[in-house]
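The values are calculated or read from the model by the stated rules, or taken from the named source; none is laboratory data. From a predicted model like this one, the values you see are computed outputs, not experimental measurements. Cβ: placed from backbone, ideal geometry, glycine included. Neighbour counts: every protein chain shown.
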Amino acid sequence: MITEYDTKQISRIVKLAKNSGELSIPKKSKVNTKQFIKEDENKEVIDRAYDYWSSLSNIRTERRRNIKYKNGDQWSDIVKDPDNNGKSIREGDLIARNGQIPLKHNIIGQVVRNLVGQMLSNPTYSVVLARNDKDQHLSEMLTNALNACHQTNSIQKMDIAIIEELIVSGIGCVRVRYDYFHEKDRYDGKVDNVNINKLFFNSDIEDPRLLDLNFIGQLHEYSIEEIITNFASSTDEEKQIKAVFNTKAASVNSIEVGESRADDINFHYCIDSSKHRVYEVWQKKGHWVKRVHDPLDGTEEVTMLNKKDIDELNKVRIDLAVKAGGDGGEVPPIEMYERYEYYWQVKFIDSNGYTLKKSVSPYTHDSHPYVLSIMPMMDGEFKSYIADLIDMQRYINRLLVMIDFTIGASAKGVLMIPEDCIPEGYSVADFAAEYVKANGVIVYRPSNKGNIPMQISSNSNPAGAWNMLHTQLSLIEKVSGVSEAMQGRVSRSTAASLYEQQVSNGQINYRIVFETFASFIKERDEKLLKTLMQFYTEKRMIDIAGTSNGNSSVRYWEPIADEKIIDFNLVINQSFDTPIFRLQFEDRLSSMLSGGFIDFETYLKNSSMPFSQGMLTQLEQKREEVIEAQQIQEEKQVQQAQAAKQAQEVQEAQQAQEAQNTLKALNTENKD
């Protein structure tokens, strides 16, 4: 730091006569303010947020349509009614009105489930790799802390929702922060999925890395209790909040379980009258700041000092250099300059324009808490993975309806009976019943015209429609990449190498989805890890039960690590936790154990077998019992040795006393 004087460093600089140090990440001072008042700029901020939210309406509409197709609601598109002056009608209702059944074969749902299954069958976890071998302990500590936070947030469930979101809408978003967990009664890193229907950001982004993002936020629906919990820090502020909001009891608009509320979301107010609309808005702003650079230790930071203060600091350093034997010119001076810098500001605003909270970004990463993932863009446009499958799905459904209608409208075993062929005493129903009866016999007198009963059956199999259906099913497999090989439906005669090649070729089509998802995980975990490093200021337990790497050597977070860690490299391993990998890893561990390269305890520490942790615990308990028994035995031996020594000392003292008494007696006799 520039206000501290390291005399050893100055002496070293004087002797070496050169600079040293490395530029570190600057830390800005943050000031939070809470104002339950109206601000003039709030209306402009809300209007800007509304414009960006409205610009995403096409994405929300397409997303809702894609979700319907994924869930099997594939006849809900609105079309014109030709029999009702062109008014709108659901496509399924129009088909049903014409006497047909709106059949469907949900291929899109199968594709989405297969892609999610591919992710679940290849689980991943984040590993923090240190750039320096000496920091391996810190690397293990950060890895355990990150994965422990993942378990706290049930991150696997959230990842399933995110990858489905990427497939269906082409966009996914989470919010990473440090917050309170009521169920666990502690503060920790928290990851929340953001509803895309409530998300807004500047619509002029074009950079695929989203570096041109400068405005982002979301809509919140808070009850009065949630507003007090999130924004009040005293009873006085609670009174201010209740004065701002209407605290009268309101009716709750309930919906059925599983029913979507996406169509009911309004930007300006909540459909549920018991909730209040709150806008969370993060804006990228700029201002001029004074910065200082100290070549002595390489630090560079924002400062509130003026030019006079810096000159005094430089003078003190020169005096220290002279005392160390130099002339002062060896110590590089502290440099001050001004620079226009960006910073992120957050505001929580209610629908009436009141500011509930306002602050500069409280995070050391100096950014917003959102992690946004968008499918690759071109000219600022992107689309979902299943967008290309919608038309093919619709055509397949149309073919099914046409085939069903053709089969239903064709003649199937119609019996043609001339009237003069019906015997006397038989009705038409009697004749038909006897005709279809097993071993039935009908006796009739042939007519003079030679008419006989005849059964007519037409060809109800439209070959052209079936061929087109098979073509569309094959085409949708090729486009989606979810082929028979990916689903495990291949011939038994297929060679293993050919099967593996078919699976690999099928993955190419949706590789872009997994790469986008992997990039999203990396960005999310980097921001989460930086948040943990900032707010983990006390020693805490971070041990994880059942970790994939079997590492249990680091069980606690050491706060001092935050000062030591300047840089880290986060690597997302894509195949480390698969069953095949674990099997191969266990085989190699067993080989090393049988070869004598590792001991049994090392094997248990690295093994992922179910019994390994229990046996390791038993071994540790056994070792502690042995050590405790040895300590007790050693204490007994020490006590026995001390007792023997004391007895020997007493005996020696008695012998000395007897000798002294004998000497006194001899001296007395000699005198006499």
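Overview of values
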item	result
Test result for Lys357, of a type in the set (D, E, K, R), assigned to a strand (DSSP E or B) and under 21 Å from Phe201 (Cβ atoms)	yes
Residue that is modelled with the lowest pLDDT, among those in segment 112-139 that are assigned to a strand (DSSP E or B) and under 15 Å from Phe517 (Cα atoms)	Tyr125
Flag if Glu238 is modelled with pLDDT of 90 or more and surrounded by 10 or more Cβ atoms within 10 Å (Cβ to Cβ)	no
In segment 522-531, the residues that are crowded, with 21+ Cβ neighbours inside 10 Å and farther than 16 Å from Ser361 by Cβ	Arg524, Asp525, Leu529
Val112 vs. criteria farther than 30 Å from Met541 by Cα, in contact (Cβ under 8 Å) with a residue 24 or more places away in the chain and surrounded by 14 or more Cβ atoms within 10 Å (Cβ to Cβ)	yes
Members of segment 370-379 found to be surrounded by 13 or more Cβ atoms within 10 Å (Cβ to Cβ) and modelled with pLDDT under 85, listed by number	Met377
Segment 457-487, residues that are more than 45 Å from the chain's Cα centre (by Cα), outside any loop (DSSP other than H, G, I, E, B) and either modelled with pLDDT under 70 or within 26 Å of Leu115 (Cβ to Cβ) (or both)	Ala463
Test for Glu280: is it touching a Lys or Arg at 6+ places or on another chain (Cβ under 9 Å), not aromatic (Phe, Trp, Tyr) and not in a strand (DSSP E or B)	no
Residue match in segment 310-326 (condition: surrounded by 14 or more Cβ atoms within 10 Å (Cβ to Cβ), in contact with a Lys or Arg (Cβ under 8 Å, 6 or more places away or on another chain) and closer than 23 Å to Lys290 by Cβ)	no
Output for segment 209-235, where each listed residue is surrounded by fewer than 19 Cβ atoms within 10 Å (Cβ to Cβ), under 20 Å from the mean Cα position of the chain (by Cα) and either in contact (Cβ under 8 Å) with a residue 40 or more places away in the chain or part of a helix (DSSP H, G or I) (or both)	Leu210
Helices (runs of 4 or more DSSP H) contained entirely in segment 526-633, each with at least 3 residues that are at pLDDT 70 or above	579-594, 600-606
Residue match in segment 183-195 (condition: closer than 22 Å to Val513 by Cβ and out of contact with any strand residue (DSSP E or B) (no Cβ under 9 Å at 6 or more places or on another chain))	no
Residue in segment 68-84 that is surrounded by 13 or more Cβ atoms within 10 Å (Cβ to Cβ), within 22 Å of the chain's Cα centre (by Cα) and hydrophobic (A, V, I, L, M, F, W, C) present	no
Within segment 180-207, tally of residues that are surrounded by fewer than 15 Cβ atoms within 10 Å (Cβ to Cβ), part of a strand (DSSP E or B) and out of contact with any helix residue (DSSP H, G or I) (no Cβ under 8 Å at 6 or more places or on another chain)	2
Any hit, segment 505-525, residues being assigned to a loop (DSSP other than H, G, I, E, B) and either more than 19 Å from Tyr187 (Cα to Cα) or modelled with pLDDT under 85 (or both)	yes
Unique match (being in a strand (DSSP E or B) and closer than 29 Å to Lys38 by Cα) among His268, His287	His287
Lone qualifier among Ile386, Ile390, Ile417, Ile403 - being buried (at least 17 other Cβ atoms within 10 Å of the Cβ), over 41 Å from the mean Cα position of the chain (by Cα), under 30 Å from Asn66 (Cβ atoms) and not aromatic (Phe, Trp, Tyr)	Ile403
